Amino acid sequence: MTEEKRSPQSGGETRPAEDPGKTAPAPAAETEKPKKNLRSRLFRSERMTIVEPAPHAKGKNSVPRIMYTVILALLPAVVLSLFLFGTRAMITIMVAVFAAMVAEYASNRIMKSTVSVDDGSAILTGLLLALTLPPGFPIAGTALGAVVAIVFGKQVFGGLGANIFNPALIGRAFLQASFPVKITTWSMPAFAAKGVYFDMATKNAVDGISGATPLGLLKFEHIGTQLKPLLFGNIGGCIGETSAIALLIGGILLLILKYADWRIPLSYIGTVFVFSGALWLINPELYPNPLFMVLSGGLILGAFFMATDMVTSPVTPLGTWIYGIGMGIVLVIIRIWGGLPEGVMYSILFMNGLVPLLNRWTRPKYFGEIQEEKKK
């Protein structure tokens, strides 16, 4: 017989006794699977979200890539300078680059910042400084100028990206003030004696090694120079400023790769050509040919490789036009009416100081700003 248990709360009703060998059936709610929420798929990402600091849109360009590309663009001028000036040019370039790298590394260690020697900026600064010096410039002076360019032209402002002036030109300006005679003592290239230019440039020289530059001949001797030596670089001058063709090859490469803003060299060189051309039309006997003004000196080197520095040039399109026109006007004024035959360095440094104001004055209106001005 099966045992029956009487439940005290059932009012005398009996129920069969539970078999201890059997488990009680699970409730219906526990056996059913929960329904999937289809809306949850709309808010669920297939992969985890990675949070990083800005910038979020990154391209293939980087500081080392840009710096080494500019160095590559300078190679035609460097190779030609070695061909024309020989070991003197090579020693000057090597000393300037090495001193700039040492100064960069020492500054990083002293300031306890990330070592930035490998980004190529110090190499480029030393190379540009060397290209603006005479081939026979003293080695100690070259090293000192490179140190000044790195320390006082870049690091004291906070490093690359924070400097106001072009570092290479800061070092060049220091050497110009410290060694005015040495930096204006020019060596003639190896093949200059085969042309008429050699006779004109060295007629008042002490020996056949040193001579005058085309700008110096025009400024102090009122003697012009043919355009062919200016194109190929068979003239006296700084190491990397003599050949217009070699510099144009590298400059066009930078424009194609968009590492240089085309507005700056166009406005700079164009202003020099138009301004000097107007003076030449007024009095051709007193003022030089505009092509001579463009091809001589360091205009092409400065226009493509120094004035286009991303850090020290304006960021707005209108600002770049004003920047280039201002440099061109200052250059022509110095060359024609100033006491120095050359003024590329001073024109770029002068406009470098105005770049923060140009960026502020030429800033484009952001969305909603025009409506606010109209309401006022």
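The values are calculated or read from the model by the stated rules, or taken from the named source; none is laboratory data. Everything numeric in this text was worked out from a predicted model, so none of it was measured. Counting neighbours? That spans all protein chains shown, and the Cβs are built from the backbone with ideal geometry, glycine included.
Selection of the stretch 180-199 for residues being modelled with pLDDT of 85 or more and surrounded by fewer than 19 Cβ atoms within 10 Å (Cβ to Cβ) yields 180, 181, 182. Quick one: would you say residue 321 is aromatic (Phe, Trp, Tyr), outside any loop (DSSP other than H, G, I, E, B), farther than 22 Å from residue 167 by Cβ and modelled with pLDDT of 95 or more? It is true that residue 321 is aromatic (Phe, Trp, Tyr), outside any loop (DSSP other than H, G, I, E, B), farther than 22 Å from residue 167 by Cβ and modelled with pLDDT of 95 or more. For the stretch 250-268, the set of residues classified as of a type in the set (A, V, I, L, M), surrounded by 17 or more Cβ atoms within 10 Å (Cβ to Cβ) and in contact (Cβ under 8 Å) with a residue 60 or more places away in the chain consists of 253, 254, 264, listed by residue number. For residue 271, the conditions (1) touching a residue at least 60 places away in the same chain (Cβ under 8 Å); (2) surrounded by 22 or more Cβ atoms within 10 Å (Cβ to Cβ); (3) of a type in the set (S, T, N, Q) are fulfilled apart from (2).
Residue check: is residue 95 surrounded by 20 or more Cβ atoms within 10 Å (Cβ to Cβ), under 25 Å from residue 238 (Cα atoms) and at pLDDT 95 or above? Considered against the rule, which asks whether it is surrounded by 20 or more Cβ atoms within 10 Å (Cβ to Cβ), under 25 Å from residue 238 (Cα atoms) and at pLDDT 95 or above, residue 95 comes out as yes.
Filter the stretch 324-341 down to residues that are in a loop (DSSP other than H, G, I, E, B) and in contact with a Lys or Arg (Cβ under 7 Å, 6 or more places away or on another chain), then give me how many there are.
Residues that pass the stated criteria total 1.
When the stretch 200-249 is limited to residues that are basic (Lys, Arg) and at pLDDT 65 or above, the one that is nearest to residue 76 (Cα to Cα) turns out to be 228. Tallying residues that are among the hydrophobic types (A, V, I, L, M, F, W, C) and under 18 Å from residue 243 (Cα atoms) within the stretch 280-301 yields 8. Here are some residues: 369, 342. Which one is closer than 30 Å to residue 250 by Cα, modelled with pLDDT under 95 and among the charged types (D, E, K, R)? Exactly one residue qualifies, and that residue is 342. Among the residues here, residue 350 qualifies as part of a helix (DSSP H, G or I), farther than 20 Å from residue 242 by Cα and of a type outside the set (D, E, K, R). The one condition from (1) outside any helix (DSSP H, G or I); (2) over 28 Å from residue 242 (Cα atoms) that residue 118 does not meet is (1).
Looking only at the stretch 280-318, filter to residues that are hydroxyl-bearing (Ser, Thr, Tyr) and modelled with pLDDT under 90; which one of those is surrounded by the most Cβ atoms within 10 Å (Cβ to Cβ)?
Filtering first and then ranking leaves 296.
Just one of (1) among the hydrophobic types (A, V, I, L, M, F, W, C); (2) at pLDDT 75 or above; (3) surrounded by fewer than 22 Cβ atoms within 10 Å (Cβ to Cβ) fails for residue 131. It is (3).
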